[in-house]
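Take a look at the structure set out below.
The values are calculated or read from the model by the stated rules, or taken from the named source; none is laboratory data. Being a predicted model, the structure only gives us computed values, none of them experimental. Cβ: placed from backbone, ideal geometry, glycine included. Neighbour counts: every protein chain shown. Side chains included, ligands, DNA and RNA excluded: accessible areas come from the protein's heavy atoms. Shrake-Rupley method; radii C 1.70, N 1.55, O 1.52, S 1.80 Å.
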Amino acid sequence: MTSQLKAPAATTAQEAINRISQGFIASSAMGAIARLNVADALVAGPLHVDALAAKLKVNADALCRALRLLACGGVFEETAEKIFANNDGSDLLRSDAPNTMRDLVTFLTDP
């Protein structure tokens, strides 16, 4: 018996093209966040994006947009307006996690 993989149904062909062509956006954001060690910076608990950006020496607005994108996908959590915390997904991006996926993410997202 052979199994067939089916692509997720798209409402329109245009939606399918958009979904596939924009897939790099989330992976690029995850790669940047992994390289910046954001999950490591949040290990002590939630931080406001301004404090997190200052700690990492990066642009707060860009960091916030990347974290919100990932939070929508289940990686990181926005606990209040512009306050981010680790969750089960982002814990996998911690460099000290026993089952870390940080190195894999940085490898796969390297240009």
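Carbon-plus-sulfur accessible fraction, segment 51-98 (probe radius 1.4 Å, protein heavy atoms only): 52%. Accessible surface area normalised per residue over the chain is 66 Å², counting heavy atoms of protein chains with a 1.4 Å rolling probe.
Between the beta carbons of Leu108 and Asn59, assuming R0 = 25 Å, the FRET efficiency works out to 0.55 to the nearest 0.05. Within the listed set Thr79, Thr12, Thr100, the Gaussian network model of the chain (springs between alpha-carbon atoms below 10 Å) gives the highest mean-square fluctuation for Thr12. The value for segment 48-111 of Rg(Cα) / (2.2 N^0.38 Å) is 1.13.
Highest GNM mean-square fluctuation among Ala13, Ala26, Ala62, for the chain modelled with Cα contacts below 10 Å: Ala13.
Taking the chain as a Gaussian network of alpha-carbon nodes connected by springs under 10 Å, the highest mean-square fluctuation of the residues Ile83, Ile17, Ile25 belongs to Ile17.
Among the protein heavy atoms, those of Asp50 account for about 90 Å² of accessible surface (1.4 Å probe, every chain in place). Just flag the trypsin sites (Lys or Arg not before Pro) in segment 12-111 sitting in loop per DSSP whose Cβ has no more than 10 other Cβ atoms within 10 Å. Passing both the DSSP loop test and the Cβ count: Lys57.
In terms of its Cα atoms, the chain spans 50, 31, 28 Å along the principal axes, sorted from long to short.
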